Amino acid sequence: MEVVSTSNNHVYDNRFDARKYLDFFYKMDPKTQKVDEESKFSLTFLSNLFSSAGRVKGQSLIEIGAGPTIHYILSACETFEKIYLTDYSQESLDEIKKWLNRNNDAFDWSPYIRFVCDLENNGSTLNQKEEKIRRNVSLMKCDVTFTNPLHPKSLPLTDCLLMTSCLTSACNTFKDFKIAVKNTVSLLKPGGHLIMYDYLGSSYYFVGEEKLSLLPIDEKIVLESVLESGCKIIEFQKFRGFHIPEEVFDCKTVLWLLAQKL
């Protein structure tokens, strides 16, 4: 029997415009093709974890709350043979599907892929990495308020779980947040790694004219939630170099965390 937390108001499902989100937060100046500083920090953190000398390896990885993006698994595709990108919003998954299918109107991730190829410095070209992602990635729906977030489907326990700034959209209270972390960690095998990314202290962001609410979590809530889910924390880093106007997104700090399930 699936148990749902008290958080069931998925505002991003009916007001979140996936393409507007991509175009505002990820689209680059076509002349400079310059990756923003927050993305550089995040992609470097992940590259270090997934590199040949990194600590996070295995056969499968599940990203919970990928949204319409693929950039967080650009290094993971070199390590994991099977990657599942999941999200509550079908519209977000459809945006990823456009890229996987090489649709003409798909979002252009090539500047991010080139940046990661340069980071890794392993001889992999943009085209090679794109093909590896398309070969390794599958898409699934998820809902973090279920005890099995992949309900009604299921997967074998995974080697790595990547949670990327989705829980603050799905949860209304700190209690809900802790329940959602436990639900997602249930997908991870003992000894497997949890990588978590979220915005601290943020209460809203805009996509076009739509103001979407976030649960304003702090570092203490995140660390408590991870420990209570049965994981030990190995490392965490924070980033504070945002250049997004506060009237669009009231975030000041990003937290990246690596933990291991006991």
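Looking only at residues that are more than 13 Å from Leu257 (Cα to Cα) and touching a strand residue (DSSP E or B) at 6+ places or on another chain (Cβ under 9 Å) in the range 222-235, which one is surrounded by the fewest Cβ atoms within 10 Å (Cβ to Cβ)?
Looking at the filtered set, the residue picked out is Gly230.
Looking at (1) in contact with a Phe, Trp or Tyr (Cβ under 7 Å, 6 or more places away or on another chain); (2) among the hydrophobic types (A, V, I, L, M, F, W, C); (3) open to solvent by 10 Å² or more (accessible area, probe 1.4 Å), can you tell me which one Ile70 breaks?
Result: Ile70 passes all but (3).
Is it the case that the range 170-189 has a residue that's aromatic (Phe, Trp, Tyr) and either under 23 Å from Leu74 (Cβ atoms) or buried (at least 22 other Cβ atoms within 10 Å of the Cβ) (or both)?
Looking for residues that are aromatic (Phe, Trp, Tyr) and either under 23 Å from Leu74 (Cβ atoms) or buried (at least 22 other Cβ atoms within 10 Å of the Cβ) (or both), one finds at least one in the range 170-189, hence yes.
If I go through the range 86-127 residue by residue, how many of them are open to solvent by less than 80 Å² (accessible area, probe 1.4 Å), within 25 Å of Asn48 (Cα to Cα), assigned to a loop (DSSP other than H, G, I, E, B) and not β-branched (Val, Ile, Thr)?
Looking only at that region, the number is 3.
Of these, Asp36, Asp29, which one is at pLDDT below 95, within 21 Å of Pro245 (Cα to Cα) and open to solvent by 70 Å² or more (accessible area, probe 1.4 Å)? Write out each step before concluding.
On the way: Asp36 fails: open to solvent by 70 Å² or more (accessible area, probe 1.4 Å).
Only one candidate passes the filter, namely Asp29.
Arg134 passes all but one of (1) open to solvent by 20 Å² or more (accessible area, probe 1.4 Å); (2) touching a strand residue (DSSP E or B) at 6+ places or on another chain (Cβ under 9 Å); (3) closer than 27 Å to Thr79 by Cα; which number fails?
Of everything listed in (1) open to solvent by 20 Å² or more (accessible area, probe 1.4 Å); (2) touching a strand residue (DSSP E or B) at 6+ places or on another chain (Cβ under 9 Å); (3) closer than 27 Å to Thr79 by Cα, Arg134 misses just condition (2).
Would you mind stating whether Thr184 is assigned to a loop (DSSP other than H, G, I, E, B) and of a type in the set (Ser, Thr, Tyr)?
No.
Taking interchain pairs and intrachain pairs at least six residues apart, which have beta carbon atoms under 8 angstrom, with the first residue in the range 196-208 and open to solvent by 10 Å² or more (accessible area, probe 1.4 Å) and the second in a strand (DSSP E or B) and among the charged types (D, E, K, R)?
Cβ pairs passing all conditions: Leu200/Lys238; Tyr204/Lys211; Tyr205/Lys211.
What are the pairs with Cβ atoms under 6 angstrom where one residue, in the range 65-88, is polar (S, T, N, Q) and the other, located anywhere, is assigned to a loop (DSSP other than H, G, I, E, B)? Sequence gap at least six, or different chains.
Thr79/Lys57; Thr86/Cys142
Mind telling me which of the residues Leu161, Leu155, Leu223, Leu257 ends up being modelled with pLDDT of 95 or more, in a loop (DSSP other than H, G, I, E, B) and under 19 Å from the mean Cα position of the chain (by Cα)?
Going through Leu161, Leu155, Leu223, Leu257 in turn, just one is modelled with pLDDT of 95 or more, in a loop (DSSP other than H, G, I, E, B) and under 19 Å from the mean Cα position of the chain (by Cα): Leu155.
The values are calculated or read from the model by the stated rules, or taken from the named source; none is laboratory data. It should be emphasised that the depicted structure is a prediction, and the values quoted were computed from it without experimental measurement. Glycine also receives a Cβ, built like all others from the backbone with ideal geometry; neighbour counts cover every protein chain displayed. Accessible surface is based on the protein model in full, side chains and every heavy atom, while ligands, DNA and RNA are left aside. Shrake-Rupley method; radii C 1.70, N 1.55, O 1.52, S 1.80 Å.
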